[in-house]
Amino acid sequence: MYVVTGCGLGCGTSLMLLMSIQDIGKKYGIEIEGEAVDLGSYKGKKCDFIAASSEIAKQIDAGDIPVVGIPNIIDKAEIERQIKPFLVKE
Amino acid sequence: MLKDILTPDVVEFNVDGIDSPEEAIRFSGKLLEKSGKIKNSYVEKMVDSFHELGPYSVIAPGIALPHATPSGDVLVLCLSFVQLKHPISFGHPDNDPVKIIFAIAGVGHGEHLELLQSLSALLGNADKIEKLKTISSFDELQKLL
């Protein structure tokens with residue numbers, strides 16, 4: 001799978017979130033590749049879903065690509081709950 | 001890694017007299033500036049980021065991680081820890097009020113990733129978060145890292 005995580009600058013919370021999502025993927029035997037981007041750079045990225053902190057997710061309009069907003073990005077259990085519907089074994 | 005980075009000069013407990021997010025961000029940034037790790041422009045960029053992008057740096061209940069994009073004003077990868085006496089609102093719908101602030105100044109991709117990983121590991125532990133909100137000495141902080 002390919003996941004894009006977004007934050008205001010693309011170097012802090014989005015990276016933390018991407019690392020957590022990759023860990024969760026491992027738990028389910030799913031290899032997740034991805035990249036952390038800033039708010040100006042997610043457009044046109046091909047990915048299975050976009051994840052971001054809820055305050056950032058509100059500002060993302062990605063058309064057909066699902067956007068997952070996560071209020072507490074260090075709570076792995078919460079991240080897992082939110083992204084589980086979008087995890088697909090290839 | 002956090003043990004090496006969070007030195008006594010960049011850590012403050014029970015800080016009083018902070019009434020706004022801007023003051024909190026400046027206070028946490030000034031600790032890094034005073035210790036010679038960043039320039040003042042980085043502190044102001046963190047405040048600008050807050051104004052432009054909103055309160056998303058409040059990543060979890062009570063915890064803010066202000067940061068900005070470095071451009072020659074971060075001399076060394078660094079992090080500060082500020083615990084407020086009175087929690088304040090950053091305007092986040094879910095995670096207010098903010099009690100602790102980690103200002104991050106990243107430089108060098110690999111090291112920066114390692115720092116974020118260490119910080120994620122620390123903050124992934126709910127017991128440790130509660131302790132971070134109440135401890136009052138550097139020794140206690142070191143034990144949590």
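Numbers below:
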| item | result |
| --- | --- |
| Nearest-ten-degree value, helix A:13-27 long axis tilted from longest Cα axis of chain A | 20 degrees |
| Antiparallel bridge percentage (DSSP; both residues within region A:2-86; nearest 5) | 0 percent |
| Value at 222 nm in deg cm²/dmol, rounded to 500, when DSSP H runs of n ≥ 4 in chain B each add -39,500 (n - 2.57) | -13000 deg cm²/dmol |
| Beta bridges by DSSP in chain B, antiparallel share as percent, to the nearest 5 | 65 percent |
| Antiparallel content of DSSP bridges confined to the protein assembly as shown, in %, to 5 | 35 percent |
| Rg/Rh ratio calculated on Cα atoms of the protein assembly as shown (Kirkwood radius) | 0.96 |
| Whole-angstrom gap from region B:83-111 to region A:58-90, using each part's C-alpha centre | 22 Å |
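Here, each number is a calculation from the coordinates, and none is a lab measurement. Treat the numbers as computed from the prediction; the structure is a model and nothing was measured.
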